[in-house]
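First up is the structure itself, then whatever we jot down about it.
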Amino acid sequence: MTASLIESDEALVAQVLAGDEDAFIPLMARYQRSLLRLARNYVRDAALAEDVVQDTWMGFLRGIEKFEGRSTFKTWLFRVLANRAKSRAVKEARYVPMADEGDPAPDGDAFDPAGGWRVPPREWKVTPERLLLSTELLDLVHEALSGLPSSQRTVVSLRDLEDLDADEVCNILGISETNQRVLLHRGRTKLRAALAARLES
Amino acid sequence: MLRCRDVARLASDYINGDLSWRQRLAIRAHLLMCRHCSRYLLQMRQAVALVRRLGRSGRTSRRPADAEEDARSIFRAARTAPDGSRRQDR
């Protein structure tokens, strides 16, 4: 067991597909939480999200979706999940397309016509210790993240929560590099604004 | 010369290190003279740092009570065909 915990994804995948049940335990443990988080970006219902994650593992185990090593296993797995979650959300008639939400640029009115700050950012009443340790701030950022439009939330989550790079995110979500950057920028800008609203006073 | 609005628009890419060295240089020159933008960028970094902390905190999703048992059930279910017969190993 201990040895298998540090094995690469690809090694575990090969063992699992060869019928090794024990190898599936660390593989699933490694990604279960991330998959659930990603699924929740598409389907809000927790039980439905768990179904989607379970179907994703089943699809992998049954070879319905085949991992062929063209990307990392993680990227491949996230993409399969995203596609399944998306079709599930479409069925539930609550899917919002990634590209366009008619969302105006955030901080649009923060600048004067010359491009200078109309409302300069004010200092946050927060110590470095609080930023590192406060659970109240985590609640605040969690709430702000949940309030983002789903496409922005998904991109911010994959980049900043799951620590994936831009190429991986484009690959998983099937969006362009430009689109990825815009969604990330808008999402982060809104998160900063949400924190500012609470920390400036 | 970059204006504050331009700096704000490039902030996310700047944090990621996704800009050309020329753009980075322009931003750094602007930041030397503009405390508003310096503060803005600091706050943007702090927001990103908090999201990263959130990811490590475990509060965005709970760990299942019995992960091993879950894994074994899924594995076994996957290897059983819908008619109940065992799948053959490849």
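Rolling a 1.4 angstrom probe over the protein heavy atoms with all chains in place gives chain A an accessible area of 47 Å² per residue.
Ignoring ligands, DNA and RNA, how much accessible area is buried between chains A and B, both sides summed, with a 1.4 Å probe, to the nearest 100 Å²?
The buried area between A and B, both sides summed, comes to about 5000 Å².
Simple spin-label estimate for A:ASP165 and A:LYS91 gives 3.6 nm between the two label positions (7 Å along the Cα-to-Cβ direction from each Cα). Projected label points at A:ALA197 and A:GLU7, each 7 Å from Cα along the beta carbon direction, are separated by 4.9 nanometres. Per residue of peptide A:45-54, the mean number of Cβ atoms on other chains within 10 Å of the residue Cβ is 1. Hey, what angle do you get for helix A:177-199 against the long axis of chain A, alpha-carbon based, 0 to 90 degrees rounded to 10? Once rounded, the angle reads 60 degrees. Within the listed set A:LEU140, A:LEU158, A:LEU184, the residue fluctuating most in the Gaussian network model of chain A (springs between alpha-carbon atoms under 10 angstrom) is A:LEU140.
With charges only on Cβ, +1 for K and R and -1 for D and E, what is the dipole size of the stretch B:4-77 about its Cα centre, in debye, rounded to 20?
The dipole of the stretch B:4-77 has a size of about 380 debye.
For A:GLU200, neighbours were defined as the other residues whose beta-carbon sits under 12 Å from its Cβ, and their charges (Lys and Arg +1, Asp and Glu -1) total +4.
Mean per-residue shielding of peptide B:10-17 is 4, counting Cβ atoms of other chains within 10 Å of each Cβ. Here are some pairs, A:LYS66/A:LYS86; A:LYS66/A:LYS91; A:LYS66/A:LYS190; which of them have Cα atoms lying more than 27 Å apart in this structure? Violating the 27 Å Cα-Cα cut-off are A:LYS66/A:LYS190.
Counted over the protein assembly as shown with a bin width of 5 Å, the fraction of Cα pairs per bin, in whole percents, is 1, 5, 11, 14, 16, 15, 12, 9, 7, 5, 3, 2, 1, 0, 0. Label separation (B:TRP21 vs A:ARG130): 4.0 nm, computed from points 7 Å beyond Cα along the C-beta direction.
The values are calculated or read from the model by the stated rules, or taken from the named source; none is laboratory data. Model, not experiment: these values are computed from the prediction. Positions of Cβ are generated from backbone atoms using ideal geometry, with glycine treated the same way; all protein chains shown enter the neighbour counts. These area figures cover heavy atoms from the full protein model, side chains too; ligands, DNA and RNA do not enter into them. Shrake-Rupley method; radii C 1.70, N 1.55, O 1.52, S 1.80 Å.
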